Amino acid sequence: MADFALRRRMMVDTQVRPSDVTKFPIIDAMLKVEREAFLPDALREAAYSGENLDLGEKRVLLEPRTLAKMLDALNISGDQLVLDIGCAYGYSSAVVARMAQAVVAVEEDSAMAAEAQSAFVESGTDNVIVHEGPLADGAAEHGPYDVILIQGGVEQLPGTIADQLKDGGRIACLFMEDALGIVRIGYKTGGTLSWRFDFNASAPVLPGFEKEAVFAL
């Protein structure tokens, strides 16, 4: 049987810490949340690989480094409400749940949403709400949010998502610009988002986060 606990520690020691992520809540969460428990059986052996894990239909589980560095930049605290868009089978939400007061996990794939709900119950993660619906719609009824995290590539951030962020809140987006991906952190002040570069990464663009096509006559 695979020693997932050893693999989990190796993931933190070889992928997370060397990426300058040293905040205790992030390290602690990534050591304790069983990544393999939030994947289908066929993918569990690959749970701790250092790359995006293909979930099919242009969806991925972000590599540990990318998620960890996003969390490091967002600096989530225990009194905050977090919107996690594209949670897939729930791993990212389970990690965030150990840092935040509560998490709303949005997933539009019915099978993934059901598996995520089951995994939260089995792991005793009781501060996550699974919201099934289009990723680009978010979950306005539970917001506004202190922090928003998007689990995939973005070409254009929908206004519906930006509107769900509290004034003074933060959002992490992996903007895909051709083959190059750039994670930027947005800060909302006076109803306006300002962005700063954080690091490079890559992921498929999520449905609903594509640029609108422009047609020329």
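The values are calculated or read from the model by the stated rules, or taken from the named source; none is laboratory data. Keep in mind that what you see is a predicted model, and the values were worked out from it rather than measured. All Cβ positions, even for glycine, are placed from backbone atoms using ideal geometry, and neighbour counts span all protein chains on display. When the accessible area is computed, the model is the full protein with side chains, heavy atoms only, and any ligands, DNA or RNA have been set aside. Shrake-Rupley method; radii C 1.70, N 1.55, O 1.52, S 1.80 Å.
Structure data summary
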item: For segment 77-131 and segment 161-217, distance of Cα centres in Å; result: 21 Å
item: Among 181-192, 85-96, 63-74, 163-174, the order from most to least packed when residues are scored by Cβ within 10 Å on average; result: 85-96, 63-74, 163-174, 181-192
item: Percent carbon-and-sulfur accessible area, segment 84-212, ignoring ligands, DNA and RNA, probe 1.4 Å; result: 48 percent
item: Solvent-free Debye scattering, log10 I(q)/I(0), computed from the Cα coordinates of the chain at q = 0.11 Å⁻¹; result: -0.48
item: Of every Cα-Cα pair in segment 1-116, the percent that sits beyond 18 Å; result: 48 percent
item: For segment 123-209, the spread of Cα positions along each principal axis, largest first, Å; result: 36, 34, 23
item: Sequence-separation-based contact order of segment 63-119, relative, with Cα cut under 8 Å and 6+ spacing, percent; result: 35 percent
item: Inter-label distance, nm, simple model (7 Å from Cα along the C-beta direction), Asn75/His142; result: 2.5 nm
item: Segment 1-129 - accessible surface per residue (Å², probe 1.4 Å); result: 45 Å²
item: Estimated [θ] at 222 nm from DSSP helical runs (n ≥ 4, -39500 (n - 2.57)) normalised by residues in the chain, nearest 500; result: -7000 deg cm²/dmol
